[in-house]
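Enquirer: Have a look at the structure that comes next, please.
All of the numbers you see were taken from the coordinates with simple rules; none came from a lab. Remember, it's a predicted structure, so these values are computed and weren't measured experimentally. A quick note on method: Cβ atoms are made from the backbone with ideal geometry, for glycine too, and the neighbour counts reach across all protein chains shown.
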Amino acid sequence: MERPEPRKLDDEGLPLPPPAQGEVSRWLLRIMERGETVLFIAIALALLGIAVVVFVRGVHDLILAPAQEHFAVTVTQAVNSVLFIVVVLELLRTIVARLEGGGFQLQPFLVIGIISATRDILAVGAELSLGQVPLTRTMTELAVNAGVVVALAVALVLVRRFARLQRA
């Protein structure tokens, strides 16, 4: 007795749906796949443009910072711009990997979360150094962001170890 051929699995280990039946269905799927690719390319180009604009603006603001502005504010804004660019480039990298045939990638989103929480920590630290916010709210915000960084870092380590185990 012949065994039925096992269904192929996607990148998450779930069975792929059966192929589309009929000429119209296959034609519609090809159009949707091409449309998805075009939109991903447009989004990638927009993200690249955003990264360039933020970089140019950040350098401009750093070099031509008003004299009356505190140094801590100027530096924090510059670091914030750089970290924002890294987040945008991580998103861009995820889209490029998707266009190159990779499936959903969790690691870049964990990295983005870590960077975003770190940006918040830096911003709160700058506000705290300038004495612009109440101490209780600031400490709560710092604690929450620190917890987010730790949780996402642990998740990132676990995802990377699991990926290594799967490859072995």
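Enquirer: About the Cα centre of segment 23-167, what is the dipole size in debye to 20, counting +1 per Lys and Arg Cβ and -1 per Asp and Glu Cβ, all else neutral? Don't skip to the end; give the middle numbers.
Expert: On the way: 12 positive and 10 negative charges, 128 e Å.
In debye, rounded to 20, segment 23-167 gives about 620.
Enquirer: Let me check against my output: what whole-number percent is the relative contact order of segment 62-125, with C-alpha pairs under 8 Å and at least 6 apart?
Expert: On the way: 27 pairs, mean separation 24.3, N = 64.
So the answer I get is 38 percent.
Enquirer: Hey, another quick one. Explain nothing, just compute: Karplus ³J(HN,Hα) = 6.51 cos²θ - 1.76 cosθ + 1.60, θ = phi - 60°, for every residue of segment 155-166 in order, whole Hz, x for Gly and Pro.
Expert: Rounded to whole hertz, the list is 4, 5, 4, 5, 5, 5, 5, 4, 5, 5, 5, 5.
Enquirer: Given only helices, namely DSSP H runs of n ≥ 4 each adding -39500 (n - 2.57), what is the per-residue ellipticity at 222 nm of the chain, to the nearest 500 deg cm²/dmol?
Expert: Numbers: 4 runs with 127 residues, N = 168.
Calculated from helices alone, the mean residue ellipticity at 222 nm is -27500 deg cm²/dmol.
Enquirer: Okay, next question. How tilted is helix 71-99 with respect to the longest principal axis of the chain? Cα atoms for both, answer in degrees (0 to 90, nearest 10).
Expert: Rounded to the nearest ten degrees, it is 10.
Enquirer: How high is the relative contact order of segment 23-167, in percent, with contacts defined as C-alpha pairs under 8 Å that are six or more residues apart? Show your work: numbers first, answer last.
Expert: Working: 93 pairs, mean separation 31.7, N = 145.
Reported as a whole number, the value is 22 percent.
Enquirer: Enter the angle in degrees (range 0 to 90, nearest 10) between the Cα long axis of helix 23-63 and the first principal axis of the Cα atoms of the chain, meaning the one along which they spread out most.
Expert: In the chain, helix 23-63 runs at an angle near 20 degrees to the longest axis.
Enquirer: Please identify the chymotrypsin sites (Phe, Trp or Tyr not before Pro) of segment 83-168 that satisfy two criteria: DSSP loop assignment and at most 16 other Cβ atoms within 10 Å. Which are they? Intermediate values should be presented prior to the final figure.
Expert: Numbers: sites: Phe84, Phe104, Phe109, Phe162; in loops: Phe104.
Those satisfying the criteria are Phe104.
Enquirer: Which order do peptides 87-96, 43-52 fall in by mean Cβ count within 10 Å, highest first? Write down the numbers at each step before the final one.
Expert: On the way: 87-96: 17.9, 43-52: 14.6.
Answer by packing, highest mean first, reads 87-96, 43-52.
Enquirer: Students often get this wrong, so try it: which of (1) 19.9; (2) 17.8; (3) 15.8 is Kirkwood radius over Cα pairs in Å as calculated from the structure shown?
Expert: It is the one labelled (1).
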